[in-house]
Amino acid sequence: MTPMQQIAILPYRKVIAIAMRGLRFRLVKTFLVTCCIALALAFLTYILCSNGMTAHLADRASDALQQRLAREGMLDQLKSADKQSQTAWMLGIALLISFVGIVNAMLISVTERFREIGTMKCLGGLDSFIVKLYLIESLFQGVVGTVLGMVIGVILAYVEGVGRFGGDTWNLLPPGELAVLLVVTFGTGIVLTVAGALYPAWRAAKMEPVDAMRSEV
Amino acid sequence: MIDDVTTSAQIVRAIGVRKVFRMGDEEVQALKGVNFSVRRGEYIALMGPSGSGKSTLFNMIGGLDKPNAGRVFIDEVDIAALSTIELAWLRCHKIGYIFQTFNLIPVATALDNVMLPLLFADVPATDAQDRAVELLKKVGLGERIFHKPVQMSGGQQQRVAVARALANNPAILLADEPTGNLDSKTGHAIIELMRELNESEGVTVISATHDYKMLSVSDRIAWLTDGVIERFAKRDELDIKEGSTDVRH
């Protein structure tokens, strides 16, 4: 026997197809995880956007708006260090909760699918295939959730901005800065979801094929 | 108790196999030096009460577990010497698994289930599809290739599992209580199907079972008790009655 001759590393296209089939099958769970990511990322995008707007009030807002804000004492209030550190805390907690949510959801999915994973290993599936399967599932939810969150966050920030600053809102944030901000948010979302899936994926890959024989759940 | 057949005709050879499990401070000897061999093309049943070491021996034959002492050869390959990837190769190409709980991938159609081991074996997709359709026809499910497991009865699901197990032309069909979750009539049909395939394809069938229907088609039956093989019996030595099995002496 020459074992290495035909051991298949499944092409990514196939692994993606299998992962997508799994996500469709567990539609409700997929939806919930995606929402959890979307919410955290919407919060992040919203905070970054409105902070960016506030930061540019001095140099980009019209004189009329600056005078109105100064009259109402809002300028100091918006820039107060207290409020900013409070926001940073909330942001950190939101991202942490989202991360824990992803890890938890993926771990449950590993436990639930012990028989499926064991069976795949009995049929000749490699550890690397199982890892890829879980990372791709998570990555897909991450991309969808993050993009959704970014859209919601930007809309929220601008809706609130228009309420506070009126028509000036559209000029406050330079397009370049907005782009950088969105790239950072996207990166955060992807890192968050992939990092959250690493341990569950490793756990799944380390399952023994004999688990497929277990009859109790 | 090693058989007198020549080595090359043996698909499985277990020599002095011992397996010890640790449970806390206690050591449990699951297998206490088992010698066991299976001829190519044989249909063999492993029997024994729970705790007899039956599952442990069964898992070793299936390349799912390694012995603490002694050696297990599958098609002349010592499984203890294999790396993780080589074991995956062995499972993919040499052994077809049939489970008590069917274990079809729930999200996939019958066709996709049968195609999965073929994809793992690097068979091109179109060839894999042809092979899967052919196998599903062979097990009598030509009309249901696009059905999902939930849309099929237990017997049909087990037929898909049999087709999937045969996908890569394995040398051994390893069945763990294949009729355990089926009613008597359906179970009988699955046993017949496995026997037919054993005869037509020459695949060796090794089955762990409590099912007396299984014994009547087996070439040989191995009884395990307390981690040793207590005895072997040939089919013609068996006197099978409903609900009991005696060996004529």
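The values are calculated or read from the model by the stated rules, or taken from the named source; none is laboratory data. Small disclaimer: the values here were computed from a predicted structure and weren't measured. Here Cβ is always computed from backbone atoms with ideal geometry, including for glycine, and neighbour counts include all displayed protein chains. Note: accessible area is taken over every heavy atom of the protein model, side chains too, but ligands, DNA and RNA are not part of it. Shrake-Rupley method; radii C 1.70, N 1.55, O 1.52, S 1.80 Å.
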- Would you tally the residues in the stretch B:223-243 being surrounded by fewer than 15 Cβ atoms within 10 Å (Cβ to Cβ) and either modelled with pLDDT under 80 or among the aromatic types (Phe, Trp, Tyr) (or both)? 7
- Task: Inspect all residues belonging to the stretch B:96-105 and state whether any of them is touching an Asp or Glu at 6+ places or on another chain (Cβ under 9 Å), open to solvent by 40 Å² or more (accessible area, probe 1.4 Å) and either closer than 21 Å to B:ASN59 by Cα or without any contact (Cβ under 8 Å) to a residue 60 or more places away in the chain (or both).
- Result: yes
- Message: It is to be established whether one or more residues within the stretch A:162-170 are touching a residue at least 60 places away in the same chain (Cβ under 8 Å), of a type in the set (Phe, Trp, Tyr) and over 30 Å from B:GLY63 (Cα atoms).
- Response: yes
- A:VAL100 open to solvent by 10 Å² or more (accessible area, probe 1.4 Å), more than 14 Å from chain B (Cβ to nearest Cβ) and part of a helix (DSSP H, G or I): yes
- Message: Which numbered condition in (1) open to solvent by 20 Å² or more (accessible area, probe 1.4 Å); (2) within 11 Å of chain A (Cβ to nearest Cβ); (3) closer than 16 Å to A:GLU116 by Cβ is the only one that B:GLU86 fails?
- Response: (3)
- Task: Please indicate, with yes or no, whether at least one residue in the stretch B:11-19 is of a type outside the set (A, V, I, L, M) and within 19 Å of B:VAL205 (Cβ to Cβ).
- Result: yes
- Message: Taking the criterion of being over 19 Å from the mean Cα position of the chain (by Cα) and within 14 Å of another protein chain (Cβ to nearest Cβ), would at least one residue in the stretch B:60-81 satisfy it?
- Response: yes
- Task: For the stretch A:114-136, state whether one or more residues are away from chain B (no Cβ under 14 Å), of a type in the set (Gly, Ala, Ser) and more than 19 Å from A:ILE16 (Cα to Cα).
- Result: no
- Count of the stretch B:35-59 residues which are open to solvent by less than 20 Å² (accessible area, probe 1.4 Å), of a type outside the set (Gly, Ala, Ser) and over 17 Å from B:GLU177 (Cβ atoms): 3
- Message: Quick check on the stretch B:119-138: of everything there that is within 13 Å of chain A (Cβ to nearest Cβ) and within 23 Å of B:ILE206 (Cβ to Cβ), which residue is surrounded by the most Cβ atoms within 10 Å (Cβ to Cβ)?
- Response: B:PHE120
- Only residues in the stretch B:208-219 that are more than 13 Å from B:ALA175 (Cβ to Cβ) count as the first member; pair them with residues that are of a type in the set (Phe, Trp, Tyr), Cβ under 7 angstrom, at least 6 apart or cross-chain, and list the lot. B:ASP219/B:TYR43
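When only residues in the stretch B:172-209 that are part of a loop (DSSP other than H, G, I, E, B) and closer than 14 Å to B:ILE98 by Cα count, which is modelled with the lowest pLDDT?
Initially, the stretch B:172-209 is screened for residues part of a loop (DSSP other than H, G, I, E, B), giving B:177-183, B:202-203, B:209.
Of the ones still in play, those that are also closer than 14 Å to B:ILE98 by Cα are B:177-182, B:203, B:209.
Details: B:GLU177: 89, B:PRO178: 92, B:THR179: 92, B:GLY180: 89, B:ASN181: 90, B:LEU182: 92, B:VAL203: 94, B:THR209: 86.
Restricting to residues being part of a loop (DSSP other than H, G, I, E, B) and closer than 14 Å to B:ILE98 by Cα, the top hit is B:THR209.
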- Somewhere in the stretch A:136-149, is a residue of a type outside the set (S, T, N, Q) and under 11 Å from A:CYS49 (Cα atoms)? no
- Regarding A:SER85, is this residue hydroxyl-bearing (Ser, Thr, Tyr), out of contact with any helix residue (DSSP H, G or I) (no Cβ under 7 Å at 6 or more places or on another chain) and within 14 Å of chain B (Cβ to nearest Cβ)? no
- Query: Within the stretch B:148-155, can one find any residue that is open to solvent by 60 Å² or more (accessible area, probe 1.4 Å), in a helix (DSSP H, G or I) and closer than 25 Å to A:ARG26 by Cβ?
  - Reply: yes
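Any residue at all in the stretch B:100-114 that's aromatic (Phe, Trp, Tyr), within 11 Å of chain A (Cβ to nearest Cβ) and not in a loop (DSSP other than H, G, I, E, B)?
Going through the stretch B:100-114, the residues aromatic (Phe, Trp, Tyr) turn out to be B:102.
Now narrow it down to the ones that are within 11 Å of chain A (Cβ to nearest Cβ): B:102.
So of that shortlist, the ones also not in a loop (DSSP other than H, G, I, E, B) come out as none.
Among the residues of the stretch B:100-114, not one is aromatic (Phe, Trp, Tyr), within 11 Å of chain A (Cβ to nearest Cβ) and not in a loop (DSSP other than H, G, I, E, B), which makes the answer no.
Which residue, of B:LEU116, B:LEU141, is more than 22 Å from B:ALA14 (Cβ to Cβ), surrounded by fewer than 24 Cβ atoms within 10 Å (Cβ to Cβ) and without any contact (Cβ under 8 Å) to a residue 60 or more places away in the chain?
Unique residue meeting the criteria: B:LEU141.
Just checking: which of the helices (runs of 4 or more DSSP H) contained wholly in the stretch A:112-197 hold 1 or more residues that are under 24 Å from B:LEU119 (Cα atoms) and either in contact with a Ser or Thr (Cβ under 8 Å, 6 or more places away or on another chain) or open to solvent by 10 Å² or more (accessible area, probe 1.4 Å) (or both)?
Numbers: elements: A:114-122, A:127-165, A:169-172.
Answer list for the stretch A:112-197: A:114-122, A:127-165.
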